[in-house]
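No lab work stands behind these numbers, since they all come straight from the coordinates. Here the structure is a predicted model, which is why all the values come from computation and not from measurement. Because the Cβ atoms are built from the backbone with ideal geometry, glycine has one as well, and the counts that use them run over all protein chains shown.
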Amino acid sequence: MRHFLKKIMSSHGSPEGARQHPIPEAPTRGDEGASQAPCHPTAIDNTQTVGSNPITTTSVHRLGFQIPTNSCSHRDLGFTGRLAGRWYAVYGDTLWCAPGVTDMLRDPPGFHGMVRDAVSLMTDDPLRVVDLHLNGDAPVPHPLQFVPFEARWGETNLFGFGGTSLCEVDAGEAVGAVYFLVNANEAGLIGAGVARVQVIDGTPTVTKRFGPRGYWWDSKCTARYGDVCAYRDERSEYIYIWGGPPTYITDWLNSSYTYLARVKAEDAFDLDKYEYYWGRQQGWKAEVLDRFTPETAVLWGTGQGQVFWSPYYERYVLVHLGTGGCTVFLRTASSLEGPWTPDVTVYTAAPIDGGLVYAGVAHPYLDPTGRTLVASYTNNNHIEVVKIVFG
């Protein structure tokens, strides 16, 4: 999950805490743009949506729940990314089902173990994934943690690592990067970082975390880059990473802004090569952003989501679910810096047992033409999948 505060386990092991508190309804303007930023009449606001959204849909079908073929657990997020010709999903909290349970919908009450993130191989069926890094549990194995905790940095197995998409660095060497947010529980969100991922024996494996304590961007004073979204842009040399503001910004309005950084993929493990976006008026700078305003932000109120290039619309598309509610939105842009168009509503989910619905995910690899899009989202620790047919 994105915002890790101290977690309390419910009867099914579902995390409670920051995401379980009621979220105020976002200010809106008009029928579209459900996460349009509040207007700041006396200041520059680069998060305001611009223009019209070309997306139209002819149908949207709910396909079902995404489940692993070789394990059984509840999970959230599942952001997709390509590495060496294959697509993988990075999940957040992965709550193991009871020993021997093969159907998560039949999991009995109780906490049966968990890891704070996991990785799976995507298949041609968006409802079926193959879990990787499995443990020795019998008769049903369970996923091990993807981003490892390190005792030498004072971390324990209770620390959270909220990751976003794998981003390819070197296809030939099967090397990628994963961006993550470190949660130290009582200490809160302490930093955002990057890890080197190498495909070893067909399995993406974290081989190194960067930074003196396993992360680069201190959450007390910098944006949490990579926490909201990470994207390897196929149309350039760059990886783009979006993140929320520092933790000293706590009010709902200002904590809902998102900030942007980028790096050439080949330089993903060199902090000095990163650039930070200071808004359309100032552009990209090597200087780390330290002014968190509507002028330097690029999005407001989207929550976590995923960006992809649509060959059908010839635009970038962001899949997201806003800051609360159950609706899947799509917005578009010709540039990853924005501005973005207003949202188009494509689907509204029914919350499971009154739980939270969040984190939009794209599966663009399933239709290279872009005429259709499979999208998923988290519905109370179930990954729910829909198929969108564009007009």
| task | Take the alpha carbon atoms of region 107-154, find their center, do the same for region 319-391, and report the distance between the two centers in whole angstrom. | result | 24
| message | Explain nothing, just compute: Karplus ³J(HN,Hα) = 6.51 cos²θ - 1.76 cosθ + 1.60, θ = phi - 60°, for every residue of region 64-71 in order, whole Hz, x for Gly and Pro. | response | x, 9, 8, 9, x, 7, 10, 7
| remark: Taking a label point 7 Å from the Cα of R152 along Cα-to-Cβ, the residues of region 170-196 whose backbone nitrogen sits under 19 Å from it are 193-196
| query | Over what distance in Å are the Cα centres of region 178-226 and region 38-96 separated? | reply | 20
| task | State which entries of K285/K387; K273/K387; K220/K273; K220/K285 exceed 32 angstrom in Cα-Cα distance in the structure shown. | result | K285/K387; K273/K387
| Counting only residues 5 or more places away or on other chains, whose amide H sits under 5 Å from the amide H of M114 once H atoms are built in the peptide plane? | W96
| task | Show the residues, 5+ positions off or on another chain, whose built amide H is closer than 5 Å to the amide H of F79. | result | V90
| In what sequence, highest mean first, do 162-174, 316-328, 228-240 appear when ranked by Cβ atoms within 10 angstrom? | 316-328, 162-174, 228-240
| remark: Taking r as the C-beta separation of L271 and N135 and R0 as 45 Å, the FRET efficiency to the nearest 0.05 is 0.85
| field | Label-to-label distance, nm, for residues given as K220 and E173 (7 Å Cα→Cβ offset) | value | 3.4
| Taking amide H positions as placed 1.01 Å from N in the peptide plane, with prolines and chain starts having none, which residues 5 or more places from A297, or on another chain, fall under 5 Å of its amide H? | N46
| said: Please compute the modelled spin-label separation between T203 and T56, points set 7 Å along Cα→Cβ, answer in nm with one decimal. | reply: 4.9
| said: Over all directions, how big on average is the projection of the convex hull of the alpha-carbon atoms in region 72-158, in square nanometres? | reply: 6.7
| query | Ordered by residue, what ³J(HN,Hα) values in Hz, to whole numbers, does region 158-169 give under the Karplus form 6.51 cos²θ - 1.76 cosθ + 1.60, where θ = phi - 60° and Gly and Pro are x? | reply | 8, 5, x, 9, x, x, 10, 5, 5, 10, 5, 9
| said: I need the phi-derived Karplus couplings for region 253-268: 6.51 cos²θ - 1.76 cosθ + 1.60, θ = phi - 60°, integer Hz, Gly and Pro marked x. | reply: 4, 7, 6, 8, 7, 10, 10, 10, 9, 8, 7, 5, 3, 5, 10, 4
